[in-house]
Each structure stands twice: as C-alpha cells, then as structure tokens.
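The values are calculated or read from the model by the stated rules, or taken from the named source; none is laboratory data. All figures in this text were calculated on a predicted structure; none of them were measured in a lab. We place every Cβ from the backbone using ideal geometry, glycine too, and count neighbours over all the protein chains shown. Calculation scope for accessible area: heavy atoms of the full protein, side chains included, ligands and nucleic acids excluded. Shrake-Rupley method; radii C 1.70, N 1.55, O 1.52, S 1.80 Å.
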Amino acid sequence: MKWRISHLRPSGILGTSVLIFASLFTSQLALGQSAQIIPPDRNFTWNPGMMSKGGIPNRTTICATLSPSGNNDSAAIQTALDNCPSGQVVMLNPGTFIVNNYVLIHSGITLRGSGAGATILSKANGAHARLSSVVRGTNGIHTPQDPGSYTYDAQPIVIVGPSRWPGPDKSNSQGLTADGQQGAYSVTIASASGYAAGQFVLLDETSGASWQPVPLGFGCTDSVQPLPCPPVLWRGDKVAWAMHYPTQKFQDDNHNSNTSGPYDTTPGVLPAAMSWFSRKDRPTNEIKEIASVSGNTITFTSPLTIGYRVSRSAQLTRYTLTGSQSTANSIQVLNAGVENLSMYGGADGELRFESAAYSWAKSVEVTQWLGEGVAIDNSFRIEVRDSYLHTGSWPEPGGAGYAISFADGSSEALIENNVLIDTNKEMVMRSSGSGSVVAYNYADDSWDFDTPGWVEVGLNASHMAGPHHVLFEGNASQNADSDYTHGNAIYLTFFRNWLTGQRRSFTDQGNLRAVGLAYGSWADTFVGNVLGRSGQMSGWSYTNHAMSCDASGNNCAGNNGAWNDSNIWKLGYDSERWNMYPDPTVLSTVIRDGNYDFLTNSQRWHNTPGGFAIPNSMYLISKPAFFENNPWPWVDPATGAIYTLPAKARYDAGTTAD
C-alpha cells in the first residue's frame, strides 16, 4: 500500500497546528503500515528531527554578514551570533575563517555559509590533516598522523547549545509513582513542582543488573584471578555491561569486582564507566518534551519508546540554569542551525549539539577532526541532513574517529541523506538514540589504522550500554552490526538497506559479514534488506558455522564456538572471544524476514514463512523530495534490484554535499 499526502511540509497560509497535525498523521500512517510486520514492542511512532515542525525553516532575514579577516575570526563570529535576533541568519561570505576558539550558537538563529567548500571554518591549532601517502592495500585512503605526535588545542569549532558542558540537574529528579508504559504519553511523578509545558526532561531507570552466567566457551584465560571460572557478567533484562567477575584483562570497563558487584577502587561504589554517557547506572533513557502538566501527571509530545519501572527507580529529571554537574546553563536551545559550510580541525569533536532541541545541520562538510565529527548530547529531535562527513584525522579505536555520535539520552534525531566515509566508526550511540531514524545515508569505509583489513561496523546504534529503538532505513553500508565494546543495545530495526558485506576502498581480511550482532543485541529486526554484492560472494556462507543453523538457515542452535568468516549472517558473537558460543538470546529474538541475499540469490523468510507485504517505509508515507526522479524505494528485496541512492550517487560523482 502506498499512501500520499501532497503537503507534508506546507508553507504560506498553513499554520503551525496544521503542520503538527500533518506530521502526526504522517507518522501514524507509517506506523500503521509497519505494525503488520514489526511486533509492537519493537516499533515506535517514528517522527524524528524537524518532521513535526514541517522541516528545516528557510530563513531569509540576514542580521550580519562577515568576511574572513586573515586572523582569528572567533570573536567576530561570536559577537554576530550574540547580537542576532531569533529566527535570523549570520551569513559568512566565501573564504577561510580561522576559528581557534569555538563559537556558541545559544539562541534560535542560523549560522550559514556560502556553500560547503566555499566557506571554511578552520581551527588552525586543532587536529591535523592526513598525510599525502596512501595506506598500503587500500584504494586512495590517506595515512593519518598520530595525534600523540603533535600538540593541539582540544576544542570543537561550533557548539549549538547553552554552554560547553550542560547536563541534567539530578538535584530535582522525581521518582515515578507508577510504571511508565511503552507507548503511553504520560507518567506520574511524586511532585511536579517546577515542571512546565515546553520543558525537556530526561526519563531513565537503573539497569537492575546482577551477576549472570556467560555463554559457553567464554573461557577464563583473561581473568585477573582463577575463580570463578567461567566468569559471570553484570547484566539485567535490558542492559548488559562490559563488566565481569573476575574482571577481564584489557577488556572490561570496571577496574575490579567482587561477589557483590563491579567497582573501580572502592567496593560498593559503582564504576565510573557507568556514568560516562548517562546518569550513573541509568543507561536506559530518553529525552522527552513536556506538552502539559496536570497535578503530578506529566504528558509528553511523543510516546514512551520503552517501559520505565518503579522497581528500577525510574525518574524524571529537568535541565536547569545552574544545576548540571558543571553548574553551566543546561536549558535546551531551540531552532538553531548550521548550514552550507565546511569545518576543518576540530579537536574535541567538530560540530556539537549540546542540550539542543529542534536544531539542525544541513549541507555541511565535516572533516579533519578528533573525537566526533558531529556530536549529539543531551538533545532532542536534532536533524543532520544532506551533508558530507569524511576523513577523520585519527581512524583508530578509542573515541577519536567517530563521524556521528549520540550520547546522554539524546532522542528522536533524524540522520538523513548524508555521506559518512573514511572514519573509524561511521556512527555510535552511547546510552542514547531512542526513537531516532538513520535513513538514506551512504556509509562506507570505516576502519582501524592499526589493522586496516579488519572490517569495522557500519550501521550501528551501540558502543555503550543502553541504546534502544533506533530505525535504520534505506541506507547503503558495508554491514549492519551492534557492538558490545562497552555494553549492549536492543530493539534495533534495519529496514530496506543495502548491506554489501565489503568496503569500497579496502582489501577486507577479517570479520567480513553483511549482518553481525554482538553479544547482548537482543530483539533486533531485519526486514526487506538486500545483502551482499551480485556475483561477488564466492567463498561466503549464509550463516556462520557457530550459529549451528539447518540447511535453510533456520533453527539456529548455537551449539559451538567455531566461528568462521565471510557470512551473510554472523549473530551472537564476541569479538574478544572467538571460542565463545553465540549468545542464545540474540539467536532466539532476532527477526529475519523478507531479506534478499546475493549468495543464494533469493528472498528468504525465517520468522514468517508465508511472507507479508513489505511497506515502502517505516517513517515516510511518500517519496522524499531528494530522490527527485529516481525510483523509491531504491532497494527491492523481492528481486535484489538496487536503484539509485542519492547520497551514494553524489559521492560517486564527486559532488558530496547536497
């Protein structure tokens, strides 16, 4: 069934209420189509980014126009931003602006350049560019410079938000008095004093973890002490931390552990890692916008993506002027944007959304950075679109080379129609991401400088415990995976993507797969994807040997730890322990339906043998405008036909920002 609304993003005489109604109607129609094939507990009313506002506004009033001075332009740009009225534009002429101190967009305005590649914000004392030499065995991948070999000033280039280090004010946290139900729009708290419509709040719960068994074959060789053997794992029903007893050398996020739990130096004090990207031991979370307050009942503008339980000390927390850990202003900045420019040299991320809402980056180039190309922290309904994120300065594990990062509860973002290429990881989500959509991006060539032949994750909503309910639709990437490096992610949906299994610029030598799921990747769904490359699957297997599936790829028992390489499906593995049996919960909860693969050259149904009609989209009801005259959907899982993905076509043609 194909639904159409001719005015999804209307303008002119159509008012805000009409836009909101159209957006809600759109998301409900899309949900209605997808509800037939995705169980309700895995689904959501997808309405991310600026969709509920009718799209990114086209602002035309210019409050200031600047040209490069040849010196540090940070102060001049900041003064223009400070003085620009809401809804207007600070315009940057062509040329290279030196921005050695970050600029802060702290109100609802737009910083706009004259085009990516024409207007450049360059941090001269930041991250260094790659060398001219090419990494051996690659097609044009340039050699990075180790940031330990030079001095740099650890600052980003642009921050959208009220301050550099915002965060929730835990002094005002209020406990839920009844469980918050998945799909509900309201929760009831102990006291709603200080809560008001229009505020953004953090909803979270504790992990409820305890020591639990590890899969068979885990082994004891990396334990810091001999007993217990096998070790046990700190996990709850939603969250699995990368923490064990005994502690595992070189791998765990806790420094020590005992029978009572993990810790760093003081028994009974939870490890610091549990608060790296969330409130301590509260990685299951989401940010919500308050629609109304009645008594102690708080009603939100969007439903809960997952349930929150009184038994897990579920709480609601506000963002305030002075109550964050840094004491800085943390109240979300609304309706701020960055458009039509390039950024080089960020050295603590490049573009950061820090406590922002309904804000965006559009048609920007992000390159030559340390940390995250685009960071989305403590934020709600951010949109990153039509942009080119590439060639991070240090593509090495450890946090210095991520193209896009979500953290600290950030929710309901839209990452659409971008090119993400030549970084360590194309995307990570750390204790965040709920209700977000990553769609119609070209994401390829993620890699590790120390082992270029190892195939890094492509589409990914993990890298710290807690992420849940993220939709990946219509992307092209070398694979989809969900890592367990710092904990697990759950309830991820992959829909109508092309997952090639191979990178474009490397000779792949290790961990080749079209779809991988690490330990703890529970209740994930794959529907309508195309897997592999036509005529290039020699030596591949349909399912990994360790999954122990039958000849049809069904009834996967996971009864051994003999992992092999080059698989369409590689589910339940642990990249630190290649003798471990697959995670049985990964195998028993994954849905694999209606996917076409180029190994068997067929569409296969593992959970619904009779099949079903696969809708065009999970969050859209008609072809997006950026597809222009190209066919949509561009992936046909019935035949394996691949049409034009605009983002990939731009990259192939050398026109990278739309």
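Structure notes:
- Counted residue by residue at 0.36 nm each, then reduced by the alpha carbon distance between them, the extension gain from Gln181 to Lys249 reaches 20.5 nm.
- Dipole-positive endmost among Leu471, Ile159, Trp394 within the chain (Cβ charges, Cα centre): Leu471
- Translational diffusion coefficient of the range 111-161 (Stokes-Einstein, Kirkwood radius from Cα pairs, 20 °C, 1.002 mPa s): 156 µm²/s.
- Per-peptide packing, taken as the mean over residues of other Cβ atoms within 10 Å, places 165-174, 625-634 in the sequence 165-174, 625-634 from highest down.
- Between the range 214-258 and the range 535-559, the Cα center-to-center distance that results, in Å: 28
- Kirkwood Rh and Cα Rg combined as Rg/Rh, the range 221-283: 0.95
- Computed P(r) (all Cα pairs; the range 601-658; 5 Å bins; percent): 4, 15, 19, 21, 17, 12, 7, 3, 1
- Taking every alpha-carbon pair within the range 265-397, the share separated by more than 21 Å comes to 56 percent.
- For a 4.7 Å threshold on C-beta separation, the list of partnerless cysteines in the chain is empty.
- Long-range tail of P(r) for the range 323-428 (Cα pairs > 23 Å, %): 21
- Most to least packed among 114-124, 42-52, 484-494 [average Cβ atoms within 10 Å]: 484-494, 42-52, 114-124
- Look at the Cα gyration tensor of the range 568-637: its axes a ≥ b ≥ c give a/c of at least 1.5 with a/b over b/c, and that counts as prolate.
- Relative counts (whole %) of C-alpha pair distances in the chain, using bins that are 10 Å wide: 3, 16, 28, 28, 18, 6, 1, 0
- Pairwise FRET efficiency - Lys280 versus Val224, Cβ, R0 = 35 Å, nearest 0.05: 0.90
- By DSSP, the beta bridges lying fully in the range 77-206 are antiparallel in about 15 percent of cases.
- Normalised by residue count, the range 450-593 yields a Cα convex hull volume of 104 Å³ per residue.
- Accessible area per residue (1.4 Å probe, heavy atoms of protein chains only) ranks Met580, Met91 as Met91, Met580, with the largest value leading.
- Backbone phi angles across the range 631-648, fed through the Karplus curve with coefficients 6.51, -1.76 and 1.60 (θ = phi - 60°), yield HN-Hα couplings of x, 9, x, 8, 10, 10, x, 6, 10, x, 5, 10, 9, 9, 8, x, 5, 5 Hz in residue order; Gly and Pro are listed as x.
- Angstrom value of the Kirkwood radius, inverse mean 1/r, which spans all Cα pairs in the range 478-545: 13.1
- Each of Gly572, Ala562, Thr589 was scored by the projection of its Cα onto the charge dipole of the range 527-643, and the greatest displacement toward the positive side belongs to Thr589; charges sit on the C-beta of Lys, Arg, Asp and Glu.
- Radius of gyration and maximum dimension Dmax of the range 149-307, Cα, Å: 20.0, 58
- Qualifying chymotrypsin sites (Phe, Trp or Tyr not before Pro) in the range 94-194, DSSP loop, other Cβ atoms within 10 Å at most 12: Tyr150
- Using θ = phi - 60° in the Karplus curve 6.51 cos²θ - 1.76 cosθ + 1.60, the 3J(HN,Hα) couplings for the range 544-551 round to 5, 4, 5, 5, 6, 8, 7, 5 Hz; x is entered for Gly and Pro.
- Each of Ile120, Ile331, Thr301 was scored by the projection of its Cα onto the charge dipole of the chain, and the greatest displacement toward the positive side belongs to Thr301; charges sit on the C-beta of Lys, Arg, Asp and Glu.
- Inter-part distance, the range 48-91 to the range 408-425, computed on C-alpha centroids, equals 23 Å.
- Remark: spin-label model distance Thr61-Arg136 equals 6.1 nm, labels positioned 7 Å along the Cα→Cβ axis.
- The percentage of C-alpha pairs in the range 298-356 whose separation is greater than 13 Å is 78%.
- Counted residue by residue at 0.36 nm each, then reduced by the alpha carbon distance between them, the extension gain from Asp237 to Ser191 reaches 13.7 nm.
- DSSP beta bridges in the chain [antiparallel fraction, %, rounded to 5]: 30
- Take the Cα of Thr639, step 7 Å toward its Cβ, do the same at Asp450, and the gap between the two points is 4.7 nm.
- Taking all Cα pairs closer than 8 Å and separated by 6 or more residues, the relative contact order of the chain comes to 13 percent.
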